[in-house]
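Throughout, read-outs are computed from the coordinates displayed, never taken from laboratory work. Note that the structure is a prediction, hence the values are computed from the model and not measured. Neighbour counts are summed over all protein chains in view; Cβ atoms, including those assigned to glycine, are modelled from backbone coordinates with ideal geometry.
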Amino acid sequence: MKTVFITGGAGFIGSALIRLLIAETNWRIVNIDKLTYAGNLESLADAGSNPRHIFSHTDICDRAAMDALFAAHQPCGIIHLAAESHVDRSIHGPGDFIQTNITGTYTLLEAARAYWSGLAEPERRAFRFHHVSTDEVFGSLGATGLFTETTAYDPRSPYSSSKASSDHLVRAWQHTYGLPTLITNCSNNYGPYQFPEKLVPLMILNALAGKPLPIYGKGDNIRDWLYVDDHTRALQLVFEHGQPGDTYCIGGRNEMTNMQVVDTLCSLLDRLHPGSNGQAYATLKTFVADRPGHDRRYAIDANKIAADLGWKPQETFESGIEKTVAWYLGNTEWITHVQSGEYRNWIDRNYAKRQS
């Protein structure tokens, strides 16, 4: 049984990855999360009770705490997802993004390097530091073209700039010190358990509450949409079989404008949960001032990960978005706890009792 550190494991993608690994492997997972506003251990209600899941309420910027975790658990690698990730928040308060995404990644790299340097040669060769990043580091595309692993970096927001910085740090530690690193850059994720500030859950929950559906500008900004479980399967593949020093782009091959996403959600809700007054959900669409520096288009060429590792998305946008809407309709308790803030008490009500 191998032990793997997953940072940010109480977040949207991190919790989905842990659910996958607990269900489909015999790995022992040490989930390291600071539990900021978006960290939700209730998303791990089932997997989290497995004895192969160990939760550590730790800030990755705390070097002494990270050193202690390495010494205690002796991992064979790290999948690093801990990050501040919401562009709007980065515009209004960039400091947390600089601290977590840059300083946190640096601290984690140094703690990992110190631990890795002391391993015996077979364990040194097998160790992996997998840094999970975003396609936003590449900037904005025109009407044509795709991001690839060799696309030049051109970040446009405080969020994407902080992630670009962390990517460069990871590559530098591989080149300078020989730390065996991997980087993945993914497109926009969606799916169950996503915090409601992001587009898909925000539109679903606003629609169900009869609130306006705010759409930036004309709604014509384009993103490549990736179902979260497709992403986590790719992360496992890269961690296990990726070539150290390499980068892999992960995309869903689902380019959609924001308007198309909202219209699809409205149509699904009309069918799966008709409004009590018979009003179509699309009537709630409201156009608002565009976000500062809003990138026009993202799209990923995922041919490398397909050719090298045999990965391809299992969900189309149509199948994935219907699963997502159905999940939100069927999990009102999780939603209520997020909206009320009750989810912040999950650790006190559950994990403290298990660990006592």
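Below are the figures for this structure:
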read-out	value
Length gained when the stretch N277-I91 is fully extended (0.36 nm per residue, less Cα-Cα span)	63.1 nm
Under-5 Å amide H pairs with F147, H placed in peptide plane, nonlocal only	A299, I300, D301
Over the chain: helical MRE at 222 nm, DSSP H runs n ≥ 4 each giving -39500 (n - 2.57), nearest 500	-12000 deg cm²/dmol
Alpha-carbon centroid distance for the pair segment 233-276 / segment 31-83, whole angstrom	25 Å
Counted charge near V170, where neighbours are those whose Cβ lies closer than 15 Å (Asp, Glu -1; Lys, Arg +1)	0
Nearest 10 degrees, 0 to 90: helix 199-208 Cα axis against the chain principal axis	40 degrees
Selected from G252, G39, G278 as most flexible by GNM, with the chain as the system and alpha-carbon contacts under 10 Å	G278
Under 5 Å, built H, 5+ apart or other chain: amide partners of N185	S133, Y248, C249, I250
Most mobile of I91, I18, I60 in a GNM of the chain (Cα contacts under 10 Å)	I91
DSSP-defined beta bridges in the chain - what % are antiparallel, rounded to 5	10 percent
Residue of N331, N101, N188 that the Gaussian network model of the chain assigns the largest fluctuation, springs spanning Cα pairs under 10 Å	N331
Cα-centre dipole for segment 193-315 with unit charges at Cβ (Lys and Arg positive, Asp and Glu negative), debye to 20	400 debye
Under Karplus coefficients 6.51, -1.76 and 1.60, residue-wise ³J(HN,Hα) of segment 211-216 in Hz, glycine/proline x	8, x, 9, x, 10, 5
R125/T25 FRET efficiency (R0 25 Å; Cβ-Cβ; nearest 0.05)	0.75
Distance in nm between pseudo-label sites at E149 and K211 (7 Å out along the Cβ direction from Cα)	4.2 nm
Cβ charges +1 (Lys, Arg) and -1 (Asp, Glu), total dipole of the chain, debye	340 debye
Alpha-carbon centroids, segment 125-174 and segment 288-350: separation in whole Å	20 Å
Kirkwood Rh, angstrom, segment 1-120 [1 / mean 1/r, Cα pairs]	14.6 Å
Normalised contact order of the chain, rounded percent, pairs of Cα under 8 Å and 6 or more residues apart	17 percent
Under 14 Å, Cβ to Cβ, from F127 - net charge with Lys/Arg +1 and Asp/Glu -1	+2
